[in-house]
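The values are calculated or read from the model by the stated rules, or taken from the named source; none is laboratory data. Owing to the predicted nature of the structure, the values given are computational and were not obtained by experimental measurement. Heads up, the Cβs are rebuilt from the backbone with ideal geometry, glycines too, and the neighbour counts pull from every protein chain shown.
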Amino acid sequence: MNKSFEAEFLPRAAAAGPASPEAVPPSPSAEKRRILIVDDDANSTHLVKILLERTGPYLVLEENDPTKADQTAHDFKPDVILLDIVMPKLDGGELAIQMESDRELHDTPIIFLTALVTHSEAKGGLHIQGHPLVAKPISIPELIEAIEKHLATPVAS
């Protein structure tokens, strides 16, 4: 992992030395939140996975083939889905529509990850297909803020 990137995005304590998921004390009343990240860039998804798991109570699963994302989501049962927009074979917008029409997944919050907008547009509340987004390159604090905002919102059954 690129040490300068790690130092820029990880809290200082985590960047100072090797950290494991156990380095973040779990909340006594909460288990790790399940996050599925769907992006065709394996390096990007792996880095986001590591950074999220080091900085919060998250269990992150990577899916780099968007055509398998629906089945992966069924098997993993995520609390939130992070979805890249521009991918080959099946883009994120199409995948979001597919997931929204699925009875098991339609209530799962989706957050788009995209390089198609600026950070200021994303922070300004811009939505795509009604879903919030986080601009690439991803700022882990901004991503965690978006995740927590959507995990805190109770989903109507």
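In region 84-110, what residues are under 16 Å from N64 (Cα atoms), in contact with a helix residue (DSSP H, G or I) (Cβ under 6 Å, 6 or more places away or on another chain) and crowded, with 16+ Cβ neighbours inside 10 Å?
D84, I85, M87, L90, L95
Counting just the residues of region 28-56 that are surrounded by fewer than 17 Cβ atoms within 10 Å (Cβ to Cβ) and polar (S, T, N, Q), which one comes out modelled with the highest pLDDT?
Per the criteria, the residue is N43.
Looking at T118 and the list (1) without any contact (Cβ under 8 Å) to a residue 40 or more places away in the chain; (2) within 14 Å of V38 (Cβ to Cβ); (3) of a type outside the set (K, R), which single condition is not satisfied?
Answer for T118: the failing condition is (2).
Return the pair list, or none, for Cβ contacts closer than 6 Å from residues in region 35-56 that are polar (S, T, N, Q) to residues that are modelled with pLDDT of 95 or more and not in a helix (DSSP H, G or I), at least 6 apart or on different chains.
Close Cβ pairs (under 6 Å, with a partner that is modelled with pLDDT of 95 or more and not in a helix (DSSP H, G or I)) amount to T45/I37; T45/D39; T45/E62.
Could you tell me which numbered condition E63 fails, if it satisfies all but one of (1) closer than 19 Å to G92 by Cα; (2) at pLDDT below 95?
Every condition holds for E63 apart from (2).
Hey, which of the helices (runs of 4 or more DSSP H) in region 26-127, taking only ones fully inside, have at least 1 residues that are under 20 Å from A146 (Cα atoms) and within 14 Å of the chain's Cα centre (by Cα)?
On the way: elements: 42-55, 69-76, 92-100, 119-123.
Where helices (runs of 4 or more DSSP H) fall fully within region 26-127 and carry at least 1 residues being under 20 Å from A146 (Cα atoms) and within 14 Å of the chain's Cα centre (by Cα), they are 42-55, 69-76, 92-100.
Go through region 136-157 and report how many residues are under 17 Å from L36 (Cβ atoms), at pLDDT below 90 and in a loop (DSSP other than H, G, I, E, B).
Total meeting the criteria: 1.
Residue check: is A122 on the phi < 0 side of the Ramachandran plot, modelled with pLDDT under 95 and either touching a strand residue (DSSP E or B) at 6+ places or on another chain (Cβ under 7 Å) or among the acidic types (D, E) (or both)?
yes
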